[in-house]
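The values are calculated or read from the model by the stated rules, or taken from the named source; none is laboratory data. Remember, predicted model here, so these are calculated numbers, not experimental data. Here the Cβ positions follow ideal geometry from the backbone for every residue, glycine too, while neighbour counts run over all protein chains shown.
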Amino acid sequence: MQPLAGQALAFLHIRHDPFSGLPTGFSPPQKKTGLVSVVIPARNEAGNIENALLRTPEMGAGTEIIFVEGNSTDNTWESITEAIARHPERRCKALRQPGKGKGDAVRAGFAVAEGDILMILDADLTMPPETLPQFFEAIASNHGEFINGVRLVYPQEKEAMRFFNLVGNKFFSLAFSWLLGRPIKDTLCGTKVLSRANYLKIAANRAYFGDFDPFGDFDLLFGAARQNLKIVDLPVRYRERTYGETNISRWRDGFILLRMVLFALNRIKFKP
Ligand SMILES: Nc1nc2c(ncn2[C@@H]2O[C@H](COP(=O)(O)OP(=O)(O)O)[C@@H](O)[C@H]2O)c(=O)[nH]1
Ligand SMILES: [Mg+2]
């Protein structure tokens with residue numbers, strides 16, 4: 001190839017990182033290819049389990065699927081054990097969470113995860129599992145250290161997000177962006193991906209922001225920002241549930257979130 005053509009090609013490949021504004025992509029990225037753990041918290045999701053298992057793609061050097069059930073009133077647990085028995089070709093684990101809430105389930109799942117890359121996938125399949133390889137690529141190619149799924153970018157399917165959800169999400173997005181000093185477009189998209197090494201650092205410092213996040217989303221985001229991880233947004237198409245209904249009570253959990261924001265506010269803005 002002629003040098004000039006080579007230069008032109010290099011020029012075409014310049015990308016600017018949205019956060020640092022620095023050009024990225026010149027040095028060949030070092031690929032991570034380790035084992036991937038997909039933690040799937042599930043409460044009252046019996047009708048979604050089989051699809052969650054079938055639709056989660058194989059990534060990296062191998063993919064383990066970790067179902068974490070808790071406090072269901074339907075037969076989610078039986079669905080999990082049956083689905084796993086039907087698919088011995090997939091590497092799966094199943095556990096019942098020790099406490100309450102999605103955050104507790106995610107923490108229990110991560111505690112038994114063997115992967116080098118950790119993912120959270122909501123069992124309601126509102127974020128299509130087929131999108132997970134994009135998250136994997138983003139982290140494997142070192143594009144970011146904490147890949148945060150962002151809804152709202154694409155047109156919503158009807159009723160996919162309720163009005164209050166939208167308003168609440170906007171509020172928390174603004175509050176987080178201000179608190180953490182970086183743009184956080186969507187705080188409550190279930191899908192988050194990070195390396196195990198970085199997760200362990202976040203977990204070790206969890207108490208800093210108070211230990212009362214019911215979702216697990218917020219303390220991961222706070223922790224990632226505090227560890228100065230490069231948080232990268234990944235736009236996802238958000239779908240309606242086809243089975244079951246939301247497990248999260250907007251009002252009660254909204255107040256807990258507000259408490260978290262105030263706690264973090266105190267930590268970050270007033271006690272440097
Ligand atoms: N294990 C477990 N999973 C939960 C719990 N609460 C919610 N989830 C799961 O977490 C994911 C997100 O919850 P969802 O009810 O869809 O909340 P929404 O997306 O905010 O409407 C779903 O896969 C739920 O099944 C819980 O207490 N325990
Ligand atoms: Mg949901």
Checklist entry - Failed condition for ARG237, given (1) touching a helix residue (DSSP H, G or I) at 6+ places or on another chain (Cβ under 8 Å); (2) away from ligand 1 (no atom under 15 Å from the Cβ), with all others met? => result (2)
Next on the checklist: I need every pair where a residue in the stretch 241-269 that is basic (Lys, Arg) has its Cβ under 7 Å from the Cβ of a residue that is within 15 Å of ligand 2 (Cβ to nearest atom) and at pLDDT 85 or above, sequence separation at least 6 or different chains.
Outcome noted: ARG241/ASP124; ARG241/THR126
Checklist entry - Has the stretch 36-54 got at least one residue that is free of Cβ contacts under 8 Å to residues at least 40 places away in the same chain, away from ligand 2 (no atom under 16 Å from the Cβ) and among the β-branched types (Val, Ile, Thr)? => result no
Next on the checklist: Looking for something at pLDDT below 85, within 16 Å of ligand 1 (Cβ to nearest atom) and of a type in the set (A, V, I, L, M, F, W, C) - is there at least one such residue anywhere in the stretch 241-249?
Outcome noted: yes
Checklist entry - Looking at (1) within 16 Å of GLY62 (Cβ to Cβ); (2) out of contact with any Leu (no Cβ under 9 Å at 6 or more places or on another chain), can you tell me which one ARG107 breaks? => result (1)
Next on the checklist: Which of the numbered conditions does LEU132 fail, given that it passes all the others? Conditions: (1) within 13 Å of the chain's Cα centre (by Cα); (2) assigned to a loop (DSSP other than H, G, I, E, B); (3) at pLDDT 95 or above.
Outcome noted: (2)
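Restricting to the stretch 85-102, name every residue that is surrounded by fewer than 22 Cβ atoms within 10 Å (Cβ to Cβ), within 24 Å of LYS201 (Cβ to Cβ) and either within 13 Å of the chain's Cα centre (by Cα) or more than 9 Å from ligand 1 (Cβ to nearest atom) (or both). Reasoning before the result, please.
Residues of the stretch 85-102 that are surrounded by fewer than 22 Cβ atoms within 10 Å (Cβ to Cβ), as a first pass: 85-100.
Filter once more, so that each one left must be within 24 Å of LYS201 (Cβ to Cβ): 93, 95, 97-99.
Matches in the stretch 85-102: LYS93, LEU95, PRO98.
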Checklist entry - Considering PHE209, PHE222, PHE172, which residue is surrounded by 13 or more Cβ atoms within 10 Å (Cβ to Cβ) and over 27 Å from LEU125 (Cβ atoms)? => result PHE209
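Looking only at the stretch 218-246, count how many residues are of a type in the set (S, T, N, Q) and within 12 Å of the chain's Cα centre (by Cα). Break it down into steps so the answer makes sense when it comes.
Taking the stretch 218-246 as the starting set, the residues that turn out to be of a type in the set (S, T, N, Q) are 227-228, 242, 246.
Subsequent filtering for residues that are within 12 Å of the chain's Cα centre (by Cα) retains none.
Summing the residues that are of a type in the set (S, T, N, Q) and within 12 Å of the chain's Cα centre (by Cα) in the stretch 218-246 gives 0.
I'm trying to understand the selection: among the residues of the stretch 85-129, which are out of contact with any helix residue (DSSP H, G or I) (no Cβ under 9 Å at 6 or more places or on another chain) and either assigned to a strand (DSSP E or B) or closer than 16 Å to GLY216 by Cβ (or both)? Step through it out loud before you land on a result.
Within the stretch 85-129, the first condition is being out of contact with any helix residue (DSSP H, G or I) (no Cβ under 9 Å at 6 or more places or on another chain), and the residues that meet it are 85, 88-89, 91, 100, 104-105, 108-109, 112, 126-127.
Result: ARG91, LYS100, ASP104, ALA105, ALA108, GLY109, VAL112, MET127.
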Checklist outcome for this item: Residue hits (the stretch 57-84; within 14 Å of GLU45 (Cβ to Cβ) and either among the small types (Gly, Ala, Ser) or assigned to a loop (DSSP other than H, G, I, E, B) (or both)) are GLY70, ASN71, SER72, THR73, ASP74, ASN75, SER79, ALA83
Item to check | One residue from GLU82, GLU64 being more than 16 Å from ligand 1 (Cβ to nearest atom), closer than 30 Å to GLY223 by Cα and modelled with pLDDT of 95 or more | outcome: GLU64
Checklist outcome for this item: Selection from the stretch 142-190 of residues at pLDDT 85 or above, aliphatic (A, V, I, L, M) and within 16 Å of ligand 2 (Cβ to nearest atom) yields VAL150
